[in-house]
Amino acid sequence: LNKFKVTSVLTSALYFYLFISLLLFPESLCNGFGVEGNESVYFLARRTSTLMLGFSVLVFLLRNTPPSVARQAVAFSIGLNMAGFALLGAFESIRGFVTTSILGVIVIEVLIAAIYFSFWVTDRRHYR
């Protein structure tokens, strides 16, 4: 079982889901977190969707990459991205800006961040 490949395919699917949600259903995404949206927010969501598509394609295309410096960079970047999402989600939850529905999302983001950081650490041992 290639853990990097499985994780990358699942993460790619998650990013693709975010792409579709941000592009086509930004209102629904905002409502799901209890955030009041408006045209400015939806505009930014649609523009952000292209980042999610880019991450989705990147992670999917690298799914078969053996341990390397390139894979290290991607693993660290995805880990950092997901950790950032989780920290911002936690911050917004603590300040009461979003509903508790964010908590499940934070758990998933922390899990993905931890997995990608573990790939980064493991690969780094091979390329010091």
*Counting only residues that are at pLDDT 95 or above and assigned to a helix (DSSP H, G or I), how many does segment 46-71 have?*
16
*Subset tally (residues that are open to solvent by 60 Å² or more (accessible area, probe 1.4 Å) and farther than 19 Å from Ala113 by Cβ) for segment 1-51*: 17
*Those residues that are closer than 14 Å to Ser8 by Cβ and either touching a residue at least 60 places away in the same chain (Cβ under 8 Å) or open to solvent by 60 Å² or more (accessible area, probe 1.4 Å) (or both), I need them from segment 106-119; list them, please.*
Ile112, Ile115, Tyr116, Phe119
*Mind listing whichever residues of segment 72-103 are outside any helix (DSSP H, G or I) and open to solvent by 30 Å² or more (accessible area, probe 1.4 Å)?*
Arg95, Gly96, Phe97, Thr99, Thr100, Ser101
_Just to be sure I understand, how many residues within segment 45-69 are under 14 Å from Leu18 (Cβ atoms) and not aromatic (Phe, Trp, Tyr)?_
14
*Within the bounds of segment 20-35, is there any residue that is more than 18 Å from Leu111 (Cα to Cα), among the aromatic types (Phe, Trp, Tyr) and either part of a loop (DSSP other than H, G, I, E, B) or at pLDDT 95 or above (or both)?*
yes
_Number of the condition not met by Thr122 [criteria: (1) touching a residue at least 40 places away in the same chain (Cβ under 8 Å); (2) touching a helix residue (DSSP H, G or I) at 6+ places or on another chain (Cβ under 6 Å); (3) open to solvent by less than 70 Å² (accessible area, probe 1.4 Å); (4) part of a helix (DSSP H, G or I)]_ = (2)
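The values are calculated or read from the model by the stated rules, or taken from the named source; none is laboratory data. Just so you know, these numbers come straight off a predicted model, no measurement behind them. Cβ coordinates were reconstructed from backbone atoms using ideal geometry, including for glycine residues, and neighbour counts include every protein chain displayed. Accessible surface is based on the protein model in full, side chains and every heavy atom, while ligands, DNA and RNA are left aside. Shrake-Rupley method; radii C 1.70, N 1.55, O 1.52, S 1.80 Å.
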